[in-house]
Amino acid sequence: MANGTITATQFNTYLAVEQRFVRTAARILGYCVWQAPTWDVVVEHAQALQGLVGEQSDYFIARVVGPTVALPVGHDALDVVVHEAVSTGYPAVITCLAAAETLYLDWCRAAVQEAGGHVPGLASEWIHLHTTPEFMRSVGALHTLLDSTDPGVLDDTQLDFWFNRMLAAEDRFHDSTTSEGTPS
């Protein structure tokens, strides 16, 4: 996507899978709003939620992403991990969200930098959505929450487990959108 060579079919598949996860992430952020330890953290989660149900949902609507795209094997990797994290609790969910959003921020910033400020092709706007000041602030807020996690609730080994598990799911998810796997 970063070099502008993704095909329309691949990008539509990517967006269909991504839209599904954005909807999952929105629901998970609702959980985070309820679980947040302070009002300031509630506001952070609500602002991130607004980005998903506002700007990102509008992006999908403008591209008529819908159920007509066959979802590839592995498309639900992120959903599975995040739903499992909920059963562990709020710190595990925050860790998963931080892993996913940090990956996006780093990847998109690198793509923009490598392209000299403007990424070419179909994914340009999508990539730039993930380099806005609002998105960067949201990722920073997740890391602040992680740094303040009580080790008695979730120690570094457990945080590493959820962070790495989410990154592995991100890899499966992204691989699924450009592979020729059997749709499910």
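The values are calculated or read from the model by the stated rules, or taken from the named source; none is laboratory data. Remember, predicted model here, so these are calculated numbers, not experimental data. Heads up, the Cβs are rebuilt from the backbone with ideal geometry, glycines too, and the neighbour counts pull from every protein chain shown. To get the accessible areas, we keep the full protein, side chains included, count just its heavy atoms, and leave off ligands, DNA and RNA. Shrake-Rupley method; radii C 1.70, N 1.55, O 1.52, S 1.80 Å.
Element breakdown for the range 85-162 at a 1.4 angstrom probe: carbon and sulfur atoms account for 56% of the accessible area. Ordered by solvent-accessible area of protein heavy atoms (1.4 Å probe), largest first, the residues 160, 40 come out as 40, 160. The heavy atoms of residue 165 offer some 80 square angstrom of accessible surface to a 1.4 angstrom probe. Solvent exposure of the chain amounts to 51 Å² per residue of accessible area, where only protein heavy atoms count and the probe is 1.4 Å. Given a 1.4 Å probe and the protein chains as shown, residue 163 ends up with an accessible area of around 50 Å². Using only DSSP helix segments of four residues or longer, with each worth -39500 (n - 2.57), what per-residue ellipticity at 222 nm results for the chain after dividing by its residue count and rounding to 500? The helix-only estimate for the chain comes to -23000 deg cm²/dmol at 222 nm.
If R0 equals 30 Å, the separation of the Cβ atoms of residue 62 and residue 88 corresponds to a calculated FRET efficiency of about 0.25.
So what's the net charge close to residue 145: Lys and Arg +1, Asp and Glu -1, counting the other residues with Cβ under 14 Å from its Cβ?
-4
Accessible surface for residue 170 stands near 0 Å², nearest 10, in the context of the full protein assembly shown (1.4 Å probe). Positive contributions from Lys and Arg (+1) and negative ones from Asp and Glu (-1), summed over other residues with Cβ under 15 Å from the Cβ of residue 133, come out at -2. Among 130, 174, the sequence by solvent-accessible area, most first, with a 1.4 Å probe is 174, 130. Here each label is just a point 7 Å from Cα along the line to Cβ, and for residue 144 and residue 109 those points are 1.7 nm apart.
Grab the beta carbon distance between residue 35 and residue 158, set R0 = 22 Å, and tell me the FRET efficiency rounded to 0.05. In this case the efficiency is close to 0.85. Taking label points 7 Å from Cα along the Cα-to-Cβ direction, residue 9 and residue 42 give a separation of 4.9 nm. Neighbours of residue 166 by Cβ distance under 12 Å: Lys/Arg scored +1, Asp/Glu scored -1, total -4. Highest GNM mean-square fluctuation among 34, 126, 162, for the chain modelled with Cα contacts below 10 Å: 34.
Please work out whether the chain counts as rounded, prolate or oblate from its C-alpha gyration tensor, where a ≥ b ≥ c are the square roots of the eigenvalues and a/c under 1.5 means rounded, while otherwise a/b larger than b/c means prolate and anything else oblate? Let's see the in-between values first.
Values: a/c = 1.73, a/b = 1.47, b/c = 1.18.
Note, shape of the chain comes out prolate.
For 136, 1, give me the order by solvent-accessible area with a 1.4 Å probe, most accessible first, ignoring ligands, DNA and RNA.
The ordering from most to least exposed comes out as 136, 1.
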